[in-house]
1. For segment 107-129: of the residues being charged (D, E, K, R) and more than 20 Å from the chain's Cα centre (by Cα), which is surrounded by the fewest Cβ atoms within 10 Å (Cβ to Cβ)?
2. Count, please, the residues in segment 132-168 that happen to be acidic (Asp, Glu) and either surrounded by 15 or more Cβ atoms within 10 Å (Cβ to Cβ) or touching an Asp or Glu at 6+ places or on another chain (Cβ under 8 Å) (or both).
3. Restricting to segment 116-168, count the residues that are more than 30 Å from THR60 (Cβ to Cβ) and part of a helix (DSSP H, G or I).
4. Identify, please: which residue in segment 67-101 is part of a loop (DSSP other than H, G, I, E, B) and free of Cβ contacts under 8 Å to residues at least 40 places away in the same chain and is, among those, nearest to ARG48 (Cα to Cα)?
5. Mind listing whichever residues of segment 33-85 are loosely packed, with under 15 Cβ neighbours inside 10 Å, within 15 Å of the chain's Cα centre (by Cα) and hydrophobic (A, V, I, L, M, F, W, C)?
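Laboratory data are not the source of any read-out in this text; all were calculated from the coordinates shown. These numbers come from a predicted model, not from an experiment. Because the Cβ atoms are built from the backbone with ideal geometry, glycine has one as well, and the counts that use them run over all protein chains shown.
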Amino acid sequence: MSQNPIDKTSEEAGSAPCSMQEGDDVYMGYAPRPELSHFLNELLEAERAGARVTLETARTAGAGAISKLMLDIQRDEARWCAMLTRNLKALGAVPSPRTGAFYDKAMAIADLSERLSFLNRGQGWVVRKLREMLPRVRDDGLHRDLSEMLRSHEANIALADEVASRAF
């Protein structure tokens, strides 16, 4: 008498869909902690660079729309540095003390219009990286923080484009 495949026990048939939540993060397609830590530190270094660039650019620009924009973005970048540091510590990782290479590259650009354009490309890089990683972040709190960071960077890009179109 042959056994009906439907009568097999769950051990024989494989894992049940309802046990998916018990799966290992990597098996389920989520980023492992070391990869998340590396990613968050990469963003932290970039945000730190962006905060410094925008602060120094605001000083260079003096008063006006460009200076105000740079100070607004600088506050935003500092906020994301704090969020990334907090999440790195929650993962048990050490936050990087480094500033990304973006800083030196941006500060080598003397023309404010060109520097603003370069800054926007840097913001675009962050947006791209966040979009790539977000589907692989399992932790709800970290996902929420990174999603908010994404929306903020998208808004900053649009605002910088608008200000640049009027100022230059």
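1. Going through segment 107-129, the residues charged (D, E, K, R) turn out to be 111, 114-115, 121, 128-129.
Among the residues that remain, those that are also more than 20 Å from the chain's Cα centre (by Cα) are: 111, 114-115.
Values: ASP111: 10, GLU114: 12, ARG115: 23.
Among them, the one singled out is ASP111.
2. If we filter segment 132-168 for residues that are acidic (Asp, Glu), which is where we start, we get 132, 139-140, 145, 148, 154, 161-162.
Checking the rest, the ones that are also either surrounded by 15 or more Cβ atoms within 10 Å (Cβ to Cβ) or touching an Asp or Glu at 6+ places or on another chain (Cβ under 8 Å) (or both) come to 139, 145, 154.
Within segment 132-168, residues that are acidic (Asp, Glu) and either surrounded by 15 or more Cβ atoms within 10 Å (Cβ to Cβ) or touching an Asp or Glu at 6+ places or on another chain (Cβ under 8 Å) (or both) number 3.
3. Matching residues across segment 116-168 total 14.
4. The first filter runs over segment 67-101 and keeps only residues part of a loop (DSSP other than H, G, I, E, B), leaving 91-101.
In the following step, the residues that additionally are free of Cβ contacts under 8 Å to residues at least 40 places away in the same chain were identified as 94, 97.
Details: VAL94: 15, PRO97: 9 Å.
Among them, the one singled out is PRO97.
5. Going residue by residue through segment 33-85, those that are loosely packed, with under 15 Cβ neighbours inside 10 Å are 33-35, 38, 59-60, 62-65, 68, 75, 82.
This time we only want the ones that are within 15 Å of the chain's Cα centre (by Cα), so: 35, 38, 82.
Within segment 33-85, ALA82 is the sole residue that qualifies.
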